[in-house]
Amino acid sequence: MKRHSPTSPARRQADFIEWRTILTRTEPEKSLTFGRQRHVGRNSAGRITVRHKGGGVKRLWRDIDFRYDKIGIPARVASIEYDPNRTCLIALIVYRDGEKRYVLAPHGWGVGSEMLVSDEAPVEVGNRLPLGRIPVGTAVFNVELERGRGAVLVRSAGSSAMVLAQEGGYTHLELPSKEVRMIISKNFASIGALSNPEHRFMTIGNAGRARRMGIRPTVRGSAMNPVDHPHGGGEGRTQRGRRRGPATPWGKPARGVKTRDRKKQSSKYILSRRKK
């Protein structure tokens, strides 16, 4: 992390990541980028469904490969790059046949690192192989839930899942949320933990930087009127204006309340729930 001289209140409390020592290229690969309209929290009807999003600087979309469908062809890392659309770093890899693709970069990768997707790939950082062939105690990321559909689990900065057991055609994984889940052993996963683990320690510092990131202001519910939020109202500075505990702006219970559908089909694969 990098701390600047306190030349202003914003500089005094902002924490930055020292990108110069990590990134090896500033401009993305043109053939793997394209424009993309950001919906910033709106649904197909244009209504706000996720609050506090909007604005921000324009971003080029990097086409990230989550399917890893080039089986058995070695690849070499050409560069480590920044992606404004996600928290971890990305790597430009060049396969032996000359094709270039972007993938999520694990922690410890650098220019010249090699990657292989195969049933017989060695258990080394960045390689991708079926969960059933990964030893117990190994950290993995980019985990598939359905074979061939691409990686959907464990894709944020610094995160990894732990292989706990192999049993009956299923692999028991401890996810970053501490939930233990069974996943079919034929599904692929990448070895290692994702890059940019210092992301969780970064402090934005000032409101202007947050607006450039597309984050709009957040108003406390207790600062509103009762008509606008269940926590609103009261004389002076009071706590939440209800006895039944914290609530969302729409009156639904919040903080510590289970929101998962009890009849969800995939619940049978969860061995241990995530911690509250």
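Quick note: the coordinates plus some simple rules give every number you see, no bench work behind them. As the structure is a prediction and not an experimental result, all values here were calculated from the model. Cβ atoms come from the backbone with ideal geometry, glycine included; neighbour counts cover every protein chain shown.
Listing for the model above:
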{"quantity": "Debye equation applied to the C-alpha atoms of region 124-164, log10 I(q)/I(0) at 0.14, 0.17, 0.19 Å⁻¹", "calculated": "-0.29, -0.44, -0.55"}
{"quantity": "Computed [θ] at 222 nm, helices only, for the chain once each DSSP H run of length n ≥ 4 contributes -39500 (n - 2.57)", "calculated": "-1000 deg cm²/dmol"}
{"quantity": "Under Karplus coefficients 6.51, -1.76 and 1.60, residue-wise ³J(HN,Hα) of region 104-121 in Hz, glycine/proline x", "calculated": "5, 8, x, 5, x, 6, x, 4, x, 5, 10, 9, 9, 10, 6, 5, 10, 5"}
{"quantity": "All-pairs Cα distance distribution in region 17-200, expressed in whole percent, bin size 10 Å", "calculated": "9, 34, 34, 19, 4"}
{"quantity": "Size of charge dipole - region 17-200 - debye, nearest 20, with Cβ of Lys, Arg +1 and Asp, Glu -1, no other charges", "calculated": "1020 debye"}
{"quantity": "Rounded Å value of the spacing that divides the Cα centres of region 214-243 and region 33-91", "calculated": "34 Å"}
{"quantity": "Sum of side-chain charges, Ser8 neighbourhood, beta-carbon under 15 Å (Lys, Arg +1; Asp, Glu -1)", "calculated": "+3"}
{"quantity": "√(5λ) per eigenvalue of the Cα gyration tensor, region 93-207, largest first, Å", "calculated": "24, 20, 12"}
{"quantity": "GNM flexibility winner over the chain from Ile204, Ile191, Ile183 (Cα, springs under 10 Å)", "calculated": "Ile204"}
{"quantity": "Loop sites in region 1-59: trypsin sites (Lys or Arg not before Pro), DSSP, at most 14 other Cβ within 10 Å", "calculated": "Arg3, Arg25, Arg36, Arg47, Arg51, Lys58, Arg59"}
{"quantity": "Dipole magnitude (debye, nearest 20) for region 111-217, charges at Cβ of Lys, Arg, Asp, Glu", "calculated": "740 debye"}
{"quantity": "Positive-pole candidate from Pro9, Gly158, Leu175, dipole of the chain, charges at beta carbon", "calculated": "Pro9"}
{"quantity": "Mean shadow area of region 41-98 over all directions, Cα convex hull, nm²", "calculated": "6.1 nm²"}
{"quantity": "Integer Hz, Karplus 6.51/-1.76/1.60 couplings in order for region 75-80, x for Gly and Pro", "calculated": "9, 10, 7, 8, 6, 10"}
{"quantity": "The chain: most fluctuating residue of Arg200, Arg209, Arg237 per GNM, C-alpha cutoff 10 Å", "calculated": "Arg237"}
